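The values are calculated or read from the model by the stated rules, or taken from the named source; none is laboratory data. Here the structure is a predicted model, which means the values were calculated and not measured. Positions of Cβ are backbone-derived with ideal geometry, glycine not excepted, and every protein chain shown enters the neighbour counts. Ligands, DNA and RNA are stripped out before the accessible areas are found, and what is left, the full protein with its side chains, is counted by its heavy atoms. Shrake-Rupley method; radii C 1.70, N 1.55, O 1.52, S 1.80 Å.
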Amino acid sequence: MSLKLKGIAAAPGIAIAPLVRFHSDMDYIPSRTVSDEEVATESERLAEAITAASRSILFLRHELAESIAAREMKIYDAQLALLHDETLKADMLAVIEQDKVNAERALQQVIARYETVFEDMEDILMRERAADLRDVGRQVMASLMARERSVYIADGQDYIFAAEEFLPSDAGVVDREHLCGIVTARGGKYTHAAILARSLGIPALAAVEAVLTKIESGTPVILDGESGVLIANPEDEERELYENRKSEQEETDRRVFEVRFLPSKTADGVEVSLYANVEGTRDLNQIEQNLVTGIGLFRTEFAFMERRQFPSEDEQFEMYRQAIEWAGDKVVTFRTLDIGGDKPLGYFRTPEERNPVLGWRGLRISLDWPDLFYTQIRAILRASAGGHARILLPMVTSVAEVRRCREVVDEIRADMVRSGEEHDENIELGAMIEVPAIVHVMDDIMPLVDFVSVGTNDLVQYLLAVDRDNPRVANLYTPYHPALLRVLDQISRTATAAGRSASICGEIAGDHYFTPLLLGLGFRELSMTPVFLPRVKLIARTITMQRCEELVTEAAKMTEAKEIRQLVKDEANQIWSEFLRGENG
Ligand code: PEP
Ligand code: MG
């Protein structure tokens, strides 16, 4: 009998393939024997993991230096001393060499042995060291595993990825060629994992809580990214039904796709600029350059997340240069590093926070960690010499932050002028509007920036106080909340009054139901996951501005998110079915 599980539809499409379970926690520790030739590699892996773990402890120590007492600081010193203990290291290397096992198994064995010794000691202080040892061991294991996860090869078989969550760093390490669906136990529609799945064009489901307990690896499944259903061991009729549905959907997509090269104007001739959101240069290969006005959001943090250490200025420069070269005379909007929240960097272990999305993330990290920020700004400025680059600041919360960033850009530019390094002297600086407070002080920010871009994914999260990554409250996360419409109206008016362009780069820019509302509210620049561009264009081309404004007026009278959604859904569906009947487009 088939088993049906319900989740949140996170990326559209249907996938039919066996499911493969991935372990994203530390319970699963790969343990294997190795050949004589592999001994050196495993020893090297262990040494690198120890270095990475000490780097992150050093970082934590530095970070907490001002906020904790010297006594507590000693904990970190003790952990560092353990990590650099020559006997411990020699013991682990000896296990690799003599027992011919991988680094993870050696680490696990030796830590367990030492732990028992510490725990059996009379002295309470010594017994406490067992906890330190465990923590240190866990950190070294985390470094080793971050690398171990990078070796999944599907062996030529299509598969559906299943795990607790799909980490942005996974995109670079799973076998993408055969990945045809993603299902996670956690998450929601607006998480970065879902955004990533949509940009990869892979159907995805989130919040399927039982996926890891009820479905074994290798089980054939059907994943329906439209209705949010996962069917394990489908019956023949179910499989046939979904196979038919899949081909129908592909046919519709193919027809809508043909709209993509038609002019991007409303039915009454108002120009609408459609930009792409990308997660790295790799995405550029999938986009037809002449289809987009430019790159409205280049999420630079993804390239950081796929690596094992911070990219150097030259490496960043090369990545930005490639994007600018791809774009020709079109704009590329580089958003500065937006890590933290649901985008951790494996090698930059930040202190644990109770509310990470309200914590140390985005621009806050860049400003507290100037080396990072300077390096990135310099790399973007150097690349800007080759075309049209813009800098976009994430998570802006105060005017002072923008002022400081402007100073940094100016200081670096002045240095570059002195040293004769080429760059765009008039590079534009923009702020993301994604923290509600900033909407209220937008007037004060306008003189400091050249443009703004509205990040509705976070704006909705903060406006409604609903975590975008928490399945328990996913039903409360809705961009159709009347409050968002009012806030968007205010943003549009403020930007227009200040003569600055305001684009939308959150997921609603690619939600074709939302298109008439955004146009009616005055937004003319929409930046989205490229896969959604044809359908947004279809709506924009079919509708008049007058109708968009009417819809905004009607929506403004409504008090419920679901009424507003129904209003625009009906409108979009009518346009859609007329198109399929060949009556518009
Ligand atoms: C947003 O918050 O809307 C946004 C575009 O940024 P991200 O999704 O990367 O947080
Ligand atoms: Mg954001």
Taking strands (runs of 3 or more DSSP E) that fall entirely within segment 384-496, which contain at least 3 residues that are open to solvent by 30 Å² or more (accessible area, probe 1.4 Å) and not assigned by TED's automatic domain parsing to the domain that holds E525? none
Take the conditions exposed (fewer than 14 other Cβ atoms within 10 Å of the Cβ) and either in contact with a His (Cβ under 6 Å, 6 or more places away or on another chain) or at pLDDT 95 or above (or both) and apply them to K557. Does it pass? yes
So L381 passes all but one of these: (1) within 14 Å of ligand 1 (Cβ to nearest atom); (2) buried (at least 17 other Cβ atoms within 10 Å of the Cβ). Which condition number does it fail? (1)
Close pairs from segment 316-344: first within 18 Å of I427 (Cα to Cα) and within 16 Å of ligand 1 (Cβ to nearest atom), partner basic (K, R) and open to solvent by 10 Å² or more (accessible area, probe 1.4 Å), Cβ under 9 Å, at least 6 apart: V332/R390; T333/R390; F334/R390
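Listed here are the residues, each with its yes/no results for (1) closer than 16 Å to A502 by Cβ; (2) touching a residue at least 40 places away in the same chain (Cβ under 8 Å); (3) among the small types (G, A, S); (4) within 16 Å of ligand 2 (Cβ to nearest atom).
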{"position": "S398", "(1), (2), (3), (4)": "no, yes, yes, no"}
{"position": "S419", "(1), (2), (3), (4)": "no, no, yes, no"}
{"position": "I427", "(1), (2), (3), (4)": "no, yes, no, no"}
{"position": "V441", "(1), (2), (3), (4)": "yes, yes, no, no"}
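Against the condition within 16 Å of ligand 1 (Cβ to nearest atom) and among the small types (G, A, S), how does A400 come out, does it pass? So that I can check it myself, show each step before the final result.
On the way: within 16 Å of ligand 1 (Cβ to nearest atom): no; among the small types (G, A, S): yes.
Taking the combined requirement at face value, the residue does not satisfy it.
Give the residue, chosen from T266, T219, T213, T184, that is more than 16 Å from ligand 2 (Cβ to nearest atom) and in the same structural domain as D338 (by TED's automatic domain parsing).
Numbers: T219 fails: in the same structural domain as D338 (by TED's automatic domain parsing); T213 fails: in the same structural domain as D338 (by TED's automatic domain parsing); T184 fails: in the same structural domain as D338 (by TED's automatic domain parsing).
Step by step, each of T266, T219, T213, T184 is checked, and only T266 is more than 16 Å from ligand 2 (Cβ to nearest atom) and in the same structural domain as D338 (by TED's automatic domain parsing).
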Looking at S503 and the list (1) within 12 Å of ligand 1 (Cβ to nearest atom); (2) part of a helix (DSSP H, G or I); (3) touching a residue at least 40 places away in the same chain (Cβ under 8 Å), which single condition is not satisfied? (2)
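For the structure I just gave you, tell me whether L358 is within 16 Å of ligand 2 (Cβ to nearest atom), open to solvent by 60 Å² or more (accessible area, probe 1.4 Å) and in the same structural domain as I412 (by TED's automatic domain parsing). Talk me through it step by step, then tell me what you get.
Values: within 16 Å of ligand 2 (Cβ to nearest atom): yes; open to solvent by 60 Å² or more (accessible area, probe 1.4 Å): yes; in the same structural domain as I412 (by TED's automatic domain parsing): yes.
Yes.
Scanning for something within 16 Å of ligand 2 (Cβ to nearest atom) and either among the charged types (D, E, K, R) or not in a loop (DSSP other than H, G, I, E, B) (or both), does segment 513-523 turn up at least one residue? First the steps, then the outcome.
So the first thing to find is which residues in segment 513-523 are within 16 Å of ligand 2 (Cβ to nearest atom), and the list is none.
So far as segment 513-523 goes, no, none of its residues is within 16 Å of ligand 2 (Cβ to nearest atom) and either among the charged types (D, E, K, R) or not in a loop (DSSP other than H, G, I, E, B) (or both).
Would you be able to tell me the number of residues in segment 433-457 that are within 11 Å of ligand 1 (Cβ to nearest atom) and touching a helix residue (DSSP H, G or I) at 6+ places or on another chain (Cβ under 8 Å)?
Taking segment 433-457 first, the residues within 11 Å of ligand 1 (Cβ to nearest atom) are 433-435, 453-457.
Filter once more, so that each one left must be touching a helix residue (DSSP H, G or I) at 6+ places or on another chain (Cβ under 8 Å): 433-435, 454, 456-457.
Summing the residues that are within 11 Å of ligand 1 (Cβ to nearest atom) and touching a helix residue (DSSP H, G or I) at 6+ places or on another chain (Cβ under 8 Å) in segment 433-457 gives 6.
Does L464 qualify as being aliphatic (A, V, I, L, M), more than 30 Å from I380 (Cβ to Cβ) and within 15 Å of ligand 2 (Cβ to nearest atom)?
On the way: aliphatic (A, V, I, L, M): yes; more than 30 Å from I380 (Cβ to Cβ): yes; within 15 Å of ligand 2 (Cβ to nearest atom): yes.
Judged against the criteria, L464 is a match.
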List, please: which pairs have Cβ atoms under 8 Å, are six or more places apart or on different chains, and start with a residue in segment 95-122 that is touching a residue at least 12 places away in the same chain (Cβ under 8 Å) and within 22 Å of S43 (Cβ to Cβ) and end with one that is part of a loop (DSSP other than H, G, I, E, B) and basic (K, R)? V101/R32; N102/R32; R105/R32
